[in-house]
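The values are calculated or read from the model by the stated rules, or taken from the named source; none is laboratory data. Note that the structure is predicted; figures quoted are calculated from it, not measured. Here the Cβ is made from the backbone with ideal geometry for all residues, glycine too, and neighbour counts use every protein chain on show.
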Amino acid sequence: MLLLLLMLVALSHQQCLTKDDTKLTTDPKARLTLYAGQQEFSLDMLRVISKMNKNTNIFFSPSSVYSALLLAYFGAANQTEHSLKKTLHIDADQDKLSTMQAYRLERFFQAMRAANGSGSYELRSPSRIYLSNNLRLRECMEQLFHDEVVQINFLGDPENSRLAINEWVEQQTKRLIKNLISEGKVTPSTSLILVNAAYFKGLWQSQFLAQHTRNEVFFISASEKTLVPMMKQKGTFNHIVSERLGAHVLELPYKGKDVSMFLFLPPFVKNNAVDSLIKQLDHESLAEIIAEDGLFARQVEIMVPKFSIEQELDLTPILEQMGVGDLFTETADLSGFTGQRGLLFDDAVHKARIEVDEKGTEAAAATAMLFFRSSRPLNPLRFVCNHPFIYLLFDRVSQTVLFIGIYRRPN
């Protein structure tokens, strides 16, 4: 079975998620737990991926992966459910129904946000459940996910099924993510594919002028350097020197100010400065940075590389290191979907791409699970990203880490 990361939910009035799904009370902490869980998951994933991809650029969408795993969690049972709950950082005393209610409420708000539209940016994260047409979901699961379920002929025409899924992903990501599922990955035995496609396009609140972009030296390491097109501007931006992280942090907001890129720039004093920063970047320190009053407005002269990165990740070893347990083994219990054991996730694939230029940022991702201490700077501050740094795109409305990357060198 193949699983592509997807997300969407509705409410059931049967014994589908708990022994009593009819309770109407909502845990007021559930939605906040979901926010915090996604942020912690994002940092866990960054740590694991950075260890497995030394000295290379990294770019991925933790929100896309989290969404897919959350969907898998709703269909999991017993030991598989327990492992996924821990990996997703869902409170031990919070039941599935409360999590589903929080998730559904969040998706409703995001749907309303998308329907009302924004002239400043475009943000979407649609999901689908592709189910083999020779299988049936449990009735209650059909009610929960009726808007996302698509019956498809894996058994009789696996190749056209693969092409149809890839085409849907391309459409949702404005053609940024192509061929998510490679040839041969879908077979007649494929039963279920969960898909999430995340897309963001935004213009900088304060755009860079193209005529100011020049080739500048970028220090890959103490012994290696190269030239990169460096964008430049001077203005008022939120900034802080975090002694806890040992890094300068700068916020570059997009128009509308709902979404921002946060840049984490460690000092260029040793080759593993980014690795040291990652070790210090935990949920508490991130929460301090992204808080409304976490940074301080000041005059800053900025220099940031203009870049484009595309990356494909094999998620299976990454997720296994993150503690998903037996999700990709024959002992996995995903009986919540169909009411029977036997569903197996064979693989998990993730593709992400980002383009950063003078006007703004375009980023997309799709996930498929086949089933230092610094002195205070002088005014004006110079924030010069001429050596490896970490960046993330954060949505303040949903409190979600949309994308994370490490820029170590030009492609």
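Taking (1) within 27 Å of residue 403 (Cα to Cα); (2) modelled with pLDDT under 95; (3) surrounded by fewer than 17 Cβ atoms within 10 Å (Cβ to Cβ) in turn, residue 341 satisfies each apart from (1).
Might you let me know whether the range 92-99 holds any residue that is surrounded by fewer than 22 Cβ atoms within 10 Å (Cβ to Cβ) and part of a helix (DSSP H, G or I)? There is at least one residue in the range 92-99 that is surrounded by fewer than 22 Cβ atoms within 10 Å (Cβ to Cβ) and part of a helix (DSSP H, G or I). For the range 90-138, a residue qualifies if it is among the acidic types (Asp, Glu) and either farther than 15 Å from residue 37 by Cβ or modelled with pLDDT under 85 (or both), and the qualifying residues are 106, 122. When residue 190 is tested against the conditions (1) farther than 19 Å from residue 148 by Cα; (2) in a loop (DSSP other than H, G, I, E, B), the lone failure is (1).
Anything in the range 234-255 that is over 23 Å from residue 307 (Cβ atoms) and buried (at least 17 other Cβ atoms within 10 Å of the Cβ)? List them, or say none. Hits for the range 234-255 are 240, 241, 242, 246. For the range 372-393, the count of residues that are of a type in the set (A, V, I, L, M), modelled with pLDDT under 95 and farther than 21 Å from residue 296 by Cβ is zero. Considering only residues in the range 59-91 that are assigned to a loop (DSSP other than H, G, I, E, B) and of a type outside the set (S, T, N, Q), the one that is nearest to the chain's Cα centre (by Cα) turns out to be 88.
The residue that is nearest to residue 340 (Cα to Cα), among those in the range 139-172 that are assigned to a loop (DSSP other than H, G, I, E, B), at pLDDT 90 or above and not hydrophobic (A, V, I, L, M, F, W, C), is 153. Restricting the first member to the range 348-368 and to residues that are over 30 Å from residue 326 (Cβ atoms), and the second to residues that are surrounded by fewer than 21 Cβ atoms within 10 Å (Cβ to Cβ) and of a type in the set (Ser, Thr, Tyr), the beta-carbon pairs closer than 6 Å and six or more apart or on different chains are 355/308. For the range 221-240, a residue qualifies if it is within 26 Å of the chain's Cα centre (by Cα) and under 19 Å from residue 277 (Cα atoms), and the qualifying residues are 239, 240. Taking the range 292-411 as the region of interest, the strands (runs of 3 or more DSSP E) fully inside it that hold 3 or more residues being under 21 Å from the mean Cα position of the chain (by Cα) and more than 22 Å from residue 262 (Cα to Cα) are 307-314, 347-356, 360-370.
If the condition is being under 16 Å from residue 240 (Cβ atoms) and under 19 Å from the mean Cα position of the chain (by Cα), then the range 274-283 contributes only 281. Listed by first and then second residue, the pairs with beta-carbon distance under 8 Å, at least 6 apart or on different chains, first residue in the range 77-101 and more than 24 Å from residue 344 (Cα to Cα), second part of a helix (DSSP H, G or I), are 91/33; 92/85; 94/30; 94/33; 98/30; 101/30. Among the residues of the range 223-233, is there at least one that is hydroxyl-bearing (Ser, Thr, Tyr), in a loop (DSSP other than H, G, I, E, B) and modelled with pLDDT of 95 or more? Looking through the range 223-233, none of the residues is hydroxyl-bearing (Ser, Thr, Tyr), in a loop (DSSP other than H, G, I, E, B) and modelled with pLDDT of 95 or more. The set of residues from the range 107-127 being closer than 16 Å to residue 148 by Cα and assigned to a helix (DSSP H, G or I) comprises 107, 108, 110, 111. Which of the residues belonging to the range 33-54 are among the aliphatic types (A, V, I, L, M) and either within 13 Å of residue 320 (Cα to Cα) or part of a loop (DSSP other than H, G, I, E, B) (or both)? The answer is 45, 48, 49, 52. Filtered by the rule that a residue be of a type outside the set (S, T, N, Q) and more than 18 Å from residue 196 (Cβ to Cβ), the range 95-136 gives 95, 96, 97, 105, 112, 115, 117, 119, 121, 135, 136. In the range 215-233 there is at least one residue matching the filter, namely being among the aliphatic types (A, V, I, L, M), in contact with a Phe, Trp or Tyr (Cβ under 6 Å, 6 or more places away or on another chain), within 18 Å of residue 252 (Cα to Cα) and buried (at least 23 other Cβ atoms within 10 Å of the Cβ). Please verify whether the range 288-298 includes one or more residues that are of a type in the set (A, V, I, L, M) and out of contact with any Phe, Trp or Tyr (no Cβ under 9 Å at 6 or more places or on another chain). For the range 288-298, residues of a type in the set (A, V, I, L, M) and out of contact with any Phe, Trp or Tyr (no Cβ under 9 Å at 6 or more places or on another chain): present.
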